[in-house]
Amino acid sequence: MGGQGLMAAAFRLCCVVSGHGFGHIAQTAALVNRLAAELPSLQLHIISPLPRPLLARMIGVEFSLECRAQDVGLLQSDPMRIDLPATAQAVRRLHDDWSRQLAVEKASLSAWRPDLVLANIPYLPIAAAAALGIATVGVASLTWDAVLAAYFLAGDAPDPEIMGWWRAMREAYAGTSLALLPMPAIVENHPFPRAELIGPLITLGRPRREALRRSLGLAEADERPVILVSLGGIPARHIPVQALAREEGFHWLLDVDLPAHPGHLHAISALLGHWSFADLSASVDGVVSKPGYGMAVAATVQQIPFLYLRRGTFPDEPPICGWMEAVGCAMELTAAQFYGGDWSLALRSLLDRPVRPLLSANGAEQGVAHIRDRFL
């Protein structure tokens, strides 16, 4: 079929997206928006626990939605703290009820009849699609078997029950027709029979530095850097606001409520009515966060100074942190520095570095090329 035929034919795509933070949907949105540009008749169905307004801000085409979770991921009450007992219990419930859950997913896919399932990166719907003979593309900078192994199977005598879950995850992932591994990804010991490494997969915002400073009401003579402080899609409760209130050498743009605050502290929520988060994060002078895929990769591609605290065990942190420090402008904080708000010297050091050229974020273009060549 030629290119014009592809443009005219309806193509039914089902996206299944983890709700563990916003990094999974950020990757998926970049790929889907690029695919939609090539397939104007794309029909899109999304299955995810993420709310429709968030999805609609990131996905540029119409879609139908089943708002439900298909994976566990990690259960967290805070971006930096993981509830391992609750996570294990939730994974146990999923695998003890596997046959029924698989039947639910098969019924959902059978009802919608997609041409392709795009998974980022629940393994249950991949198993359902494989059982129905539906092609699947996995978008996987990480996989849940790698996360399970990092947190639960690191000792010398792994729990046989958890080993069973791990094998079941890998068996399900092995049903993927093609996996796209967006840089910087976990590339060792992945469970996919066929995988392609692609460039960073992210939707970049528009740098609007002066407009942001005006939105914050900053005087022209005020040259203090504006620093975004956000730990991603899971609400944070341990930002050292009091320490930042004493550090007046920066304007701090915080992802927390600020009922009363000095003039150099600013709440992100006050801006989101007329700013997208992508544009906001592209317009600051620096970022303080954790090394999750979305914000870390966007900042590195745009060469925005990035100060971070590791979660410690999350398995995609080594490739992300190594890549950031090799090609970007990044520095790690200790836990004592982070929770004490001792950020100023590190930020000044990053801001004083020579600016490197911007990087290419070509993962969406490369991913769509693989999808087009293989499935269209």
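Counting only residues that are within 21 Å of ILE126 (Cβ to Cβ) and in contact (Cβ under 8 Å) with a residue 60 or more places away in the chain, which one in the range 52-73 is surrounded by the most Cβ atoms within 10 Å (Cβ to Cβ)?
Only one residue tops the list, namely VAL72.
Could you grab me the full set of residues in the range 234-260 that are surrounded by fewer than 16 Cβ atoms within 10 Å (Cβ to Cβ) and in a loop (DSSP other than H, G, I, E, B)? Outline the logic, then answer.
First, the residues of the range 234-260 that are surrounded by fewer than 16 Cβ atoms within 10 Å (Cβ to Cβ): 235, 237-238, 242-243, 245-246, 248-249, 257, 259-260.
PRO235, ARG237, HIS238, GLU248, GLY249, ASP257, PRO259, ALA260 - these are the residues of the range 234-260 that are surrounded by fewer than 16 Cβ atoms within 10 Å (Cβ to Cβ) and in a loop (DSSP other than H, G, I, E, B).
Within the range 18-36, work out how many residues are at pLDDT 95 or above and farther than 18 Å from GLU66 by Cα.
7
Only one of (1) assigned to a loop (DSSP other than H, G, I, E, B); (2) in contact with a strand residue (DSSP E or B) (Cβ under 6 Å, 6 or more places away or on another chain); (3) under 15 Å from PRO184 (Cβ atoms); (4) not polar (S, T, N, Q) is not met by ALA299, so which one is it?
(1)
Test each condition in (1) among the polar types (S, T, N, Q); (2) surrounded by fewer than 20 Cβ atoms within 10 Å (Cβ to Cβ); (3) within 27 Å of TRP144 (Cβ to Cβ) for THR300 and report the one that comes out false.
Against the list (1) among the polar types (S, T, N, Q); (2) surrounded by fewer than 20 Cβ atoms within 10 Å (Cβ to Cβ); (3) within 27 Å of TRP144 (Cβ to Cβ), THR300 comes up short only on (2).
Does the range 109-133 hold any residues that are out of contact with any strand residue (DSSP E or B) (no Cβ under 8 Å at 6 or more places or on another chain) and either not assigned by TED's automatic domain parsing to the domain that holds GLN43 or not small (Gly, Ala, Ser) (or both), and which are they? Give the steps one after another, and end with the answer.
Step one: filter the range 109-133 for residues out of contact with any strand residue (DSSP E or B) (no Cβ under 8 Å at 6 or more places or on another chain), giving 110-111, 123-124, 127-128, 131-133.
Within the range 109-133, TYR123, LEU124, LEU132 meet the criteria.
Could you please find all residues in the range 318-376 being farther than 18 Å from ASN33 by Cα and of a type in the set (S, T, N, Q)?
Once the filter is applied, which keeps residues that are farther than 18 Å from ASN33 by Cα and of a type in the set (S, T, N, Q), the range 318-376 yields THR334, GLN337, SER344, SER349.
Just one of PRO200, PRO193, PRO184 is more than 26 Å from ASP285 (Cβ to Cβ), assigned to a loop (DSSP other than H, G, I, E, B) and at pLDDT 95 or above; which is it? Give the steps one after another, and end with the answer.
On the way: PRO200 fails: more than 26 Å from ASP285 (Cβ to Cβ); PRO184 fails: more than 26 Å from ASP285 (Cβ to Cβ).
From the options PRO200, PRO193, PRO184, the qualifying one is PRO193.
How many of the residues making up the range 205-233 are surrounded by 16 or more Cβ atoms within 10 Å (Cβ to Cβ) and at positive phi?
Qualifying residue count for the region: 1.
For the range 347-361, what are the residues that are among the polar types (S, T, N, Q), modelled with pLDDT of 95 or more and assigned to a loop (DSSP other than H, G, I, E, B)?
Of all residues in the range 347-361, those among the polar types (S, T, N, Q) come to 349, 360.
Still in the list and also modelled with pLDDT of 95 or more: 349.
Result: no residue meets the conditions.
When the residues of the range 224-242 are filtered to those that are more than 23 Å from the chain's Cα centre (by Cα) and at pLDDT 95 or above, which remaining residue is farthest from ARG81 (Cα to Cα)?
This residue is ARG224.
Identify the residue in the range 305-314 that is assigned to a loop (DSSP other than H, G, I, E, B) and surrounded by fewer than 24 Cβ atoms within 10 Å (Cβ to Cβ) and, among all such residues, is nearest to the chain's Cα centre (by Cα).
PHE314
I'm checking my understanding of the structure. Among residues of the range 182-197 that are among the aliphatic types (A, V, I, L, M) and surrounded by fewer than 23 Cβ atoms within 10 Å (Cβ to Cβ), which one is farthest from the chain's Cα centre (by Cα)?
The selected residue is ALA195.
Among the residues of the range 269-283, count how many are of a type outside the set (D, E, K, R) and either outside any loop (DSSP other than H, G, I, E, B) or buried (at least 22 other Cβ atoms within 10 Å of the Cβ) (or both). Before you say what the answer is, go through the steps one by one.
Just the residues of the range 269-283 that are of a type outside the set (D, E, K, R), to begin with: 269-278, 280-283.
If we keep only those that are either outside any loop (DSSP other than H, G, I, E, B) or buried (at least 22 other Cβ atoms within 10 Å of the Cβ) (or both) too, we end up with 269-270, 277-278, 280-283.
Residues flagged as of a type outside the set (D, E, K, R) and either outside any loop (DSSP other than H, G, I, E, B) or buried (at least 22 other Cβ atoms within 10 Å of the Cβ) (or both) within the range 269-283 amount to 8.
The values are calculated or read from the model by the stated rules, or taken from the named source; none is laboratory data. What you see is a predicted model; the values in this text were computed from it and never measured. A quick note on method: Cβ atoms are made from the backbone with ideal geometry, for glycine too, and the neighbour counts reach across all protein chains shown.
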